[in-house]
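Working notes, beginning with the structure itself.
The values are calculated or read from the model by the stated rules, or taken from the named source; none is laboratory data. Predicted model, so just to flag it, every value in this text is computed and none were measured. All Cβ positions, glycine included, derive from the backbone under ideal geometry; neighbour counts span all protein chains shown.
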Amino acid sequence: MTQTKDTSWQVYTDSTLRDIQSILEQQNISLDTHQPHVLGERFLMQAVTTTSGRKVILLGIETTTGKKVVIKATNDPAGKAELKQEQHCRQLLHSLPFAYNRFHSPAEILFLEKNNYLISVQEFITQTSSFIQRPLADQFAFALQALKDQELARATTAKHIASIAQTFGNRSSIEYLRLFAGFVDVLQNKKVGAKTLAAVKEAQVRLTQQAQRIEQYCGFLTHTDFVPHNFRIKDQTLYLLDFSSLKFGNKHESWARFLNFMTLYNRELETLLITYVEKNRSSEERESLQLMRLFRLGEIITYYTSLLEKSTDALHELNTLRVQLWTDVLTAELTNTRVSTNVIETYRTQRDALRSPEEKTRQIGLH
């Protein structure tokens, strides 16, 4: 049997849907009957290095206009903090004089706190196809432009840093090394396999030895979860959906997150972006990107290792495979090579066999 969600998550989503329905109706918003974003493995998702609380993400309709909307609702203190942080980040980013107004976000329709719930409602961005279904050339162009736009927002003066530090944070090489040391501690405490621990410790040595290179490219805006389900494209415009993951830090962190994602979903795009950096950027930038990939791989290995104790049956087996997969990817990246296509294809076949029907439903159109 595959564990699709824990009892507490089921209770939480059911009670949230029941409690907010009348609040939304008073605001001329109705909920869709089918809510795919509360299904499958959604209950396990918790960020490792950023603020993250319990919240539900729902779909609905603004009854006065017929517009589709996305609803985020929570009564969890950490969830409320995350939604407030996301709103503040979005507002501040659009006003920063050095961000050049390059970032687009869905229109905010409602931001309301009532009956101990904080509810955020935004316009649903309709797109003609998912990012992964677009032609490779389009994927490359949109991804590269979005990554370049983030690089253009750089805090270079004391005034800039003062304007962003409290809201976005400003990660230095010291912070990256501190976070990675935390990954190692978690993996050691959870007695992860010897191969995984050795690879992560080797990555830690590399990051420590090249801390100066990490620092060289800090001070830039970066999106710690820059992947297709956190943006949508409409009328040739890319809209960011998750502003709570925007941080100032090493500019290649968002590149690394995106490349790690494409290791699974589009190897050609992964290769194109790496080749672009190798041909059009300095060798120092290529080194920085490599270091950030090691950092993010250590993070994702820690993430799935932490989920093992929260999952059972087929889902536990799947998370074990995920730890093994990302260990293989990290081992390859330590020698600046890519994991073989055969490893990826074998994993994807096993993953699809182990995923629950609910998780398969949740994944439809997600990327």
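Computed quantities for the displayed model
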{"quantity": "Scope the range 351-367; condition part of a helix (DSSP H, G or I) and buried (at least 16 other Cβ atoms within 10 Å of the Cβ); matching residues", "calculated": "Leu354, Glu358, Glu359, Arg362, Gln363"}
{"quantity": "Selection within the range 194-236 - in a loop (DSSP other than H, G, I, E, B), modelled with pLDDT of 95 or more and surrounded by fewer than 18 Cβ atoms within 10 Å (Cβ to Cβ)", "calculated": "Gln210"}
{"quantity": "Residue count for the range 79-98, restricted to those that are farther than 22 Å from Leu59 by Cα, of a type in the set (A, V, I, L, M, F, W, C) and either modelled with pLDDT of 75 or more or buried (at least 19 other Cβ atoms within 10 Å of the Cβ) (or both)", "calculated": "3"}
{"quantity": "Residue check, Phe168 modelled with pLDDT under 85 and either closer than 23 Å to Val227 by Cβ or among the aliphatic types (A, V, I, L, M) (or both)", "calculated": "yes"}
{"quantity": "The range 325-367, subset among the aliphatic types (A, V, I, L, M) and in contact with a Pro (Cβ under 9 Å, 6 or more places away or on another chain), residue modelled with the highest pLDDT", "calculated": "Ile364"}
{"quantity": "Tally of residues being of a type in the set (S, T, N, Q), over 15 Å from Asn260 (Cβ atoms) and surrounded by 13 or more Cβ atoms within 10 Å (Cβ to Cβ) across the range 304-338", "calculated": "7"}
{"quantity": "Test: residue in the range 56-75 that is free of Cβ contacts under 8 Å to residues at least 24 places away in the same chain, outside the structural domain of Asp235 (by TED's automatic domain parsing), hydrophobic (A, V, I, L, M, F, W, C) and in contact with a Lys or Arg (Cβ under 8 Å, 6 or more places away or on another chain)", "calculated": "yes"}
{"quantity": "Odd one out for Leu147 among (1) surrounded by fewer than 17 Cβ atoms within 10 Å (Cβ to Cβ); (2) modelled with pLDDT under 95", "calculated": "(1)"}
{"quantity": "One residue from Thr341, Thr275 being surrounded by fewer than 22 Cβ atoms within 10 Å (Cβ to Cβ), closer than 30 Å to Gly219 by Cβ and assigned by TED's automatic domain parsing to the domain that holds Tyr239", "calculated": "Thr275"}
{"quantity": "Selection status of Ser254, out of contact with any helix residue (DSSP H, G or I) (no Cβ under 8 Å at 6 or more places or on another chain) and of a type in the set (Ser, Thr, Tyr)", "calculated": "no"}
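For every residue, the table says whether it meets (1) under 22 Å from the mean Cα position of the chain (by Cα); (2) at positive phi; (3) free of Cβ contacts under 8 Å to residues at least 60 places away in the same chain.
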residue	(1), (2), (3)
Ser283	no, no, yes
Leu297	yes, no, no
Leu307	yes, no, no
Asp328	yes, no, yes
Leu334	no, no, no
Thr346	no, no, yes
Gln350	no, no, yes
